[in-house]
Amino acid sequence: MENYVDKATYNADVEFWHARITFVVQRSLCEGQFEAFQDFHAGVEDLCHALIGAIKRIRDQMAVFFPPPPLRMKRMNWIQFASWSEYGHGDGVEEECSTWGYYGSQCVKICPDCKAATVINPNEKAA
């Protein structure tokens, strides 16, 4: 928080990342798999705090992995995210989410409801 003028700004940035990441993961998996995604639920808050202190390149990359609505994470996105975190390209933030890519890609591969969740509904509007 040392780079922030005030705590409110810091908290607003944490909340921005928390909402963005949570909502795209929720949009990209079926309800059951999202609820069962314990590593995500346990680590998303820590990841958001780590992102605040990360360099801009890392935040920009996370914005690509976790896109805004109505976009969703497809299986290839999950695989790329798994590779990114496995090879340590996140300058430390990947420690909070190292299992997420594998979990998401397996859900989309195995679960028909998750596979269907990755399809963008043309009637869905961007938030």
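Report, to the nearest 10°, how far helix 100-110 tilts away from the longest principal axis of the Cα atoms in the chain, using its own Cα long axis and a range of 0 to 90°.
10
In a GNM of the chain with a 10 Å cut-off on Cα contacts, which of LYS115, LYS74, LYS56 has the highest mean-square fluctuation?
Residue with maximal mean-square fluctuation among LYS115, LYS74, LYS56: LYS56.
As a check on your grasp of the helix formula, calculate [θ] at 222 nm for the chain: sum -39500 (n - 2.57) over DSSP H runs of n ≥ 4, divide by the residue count, round to the nearest 500.
That calculation yields -20000 deg cm²/dmol at 222 nm.
Fully extended, how many nm does the chain gain between LYS56 and SER83 (0.36 nm per residue separation, minus their Cα-Cα distance)? Could you put the intermediate results ahead of the total?
Working: separation 27, 0.36 × 27 = 9.72 nm, distance 1.98 nm.
Fully extending the segment from LYS56 to SER83 adds 7.7 nm.
What FRET efficiency would be calculated for the residue pair LEU71, THR9, taking the C-beta separation as r and a Förster radius of 30 Å, to the nearest 0.05?
0.65
Within segment 7-117, how many Lys pairs sit with Cα atoms under 25 Å apart, leaving out pairs fewer than 8 places apart on the same chain?
For segment 7-117, the number of qualifying lysine pairs is 4.
Taking the chain as a Gaussian network, where each spring joins two C-alpha atoms under 10 Å apart, which residue of VAL44, VAL64, VAL14 fluctuates the most?
Between VAL44, VAL64, VAL14, it is VAL64 that shows the largest mean-square fluctuation.
Each value in this text was obtained by applying a stated rule to the coordinates, not by laboratory testing. This is a predicted model, so every value here is computed, not measured. Every residue, glycine among them, receives a Cβ derived from its backbone with ideal geometry; neighbour counts consider all protein chains shown.
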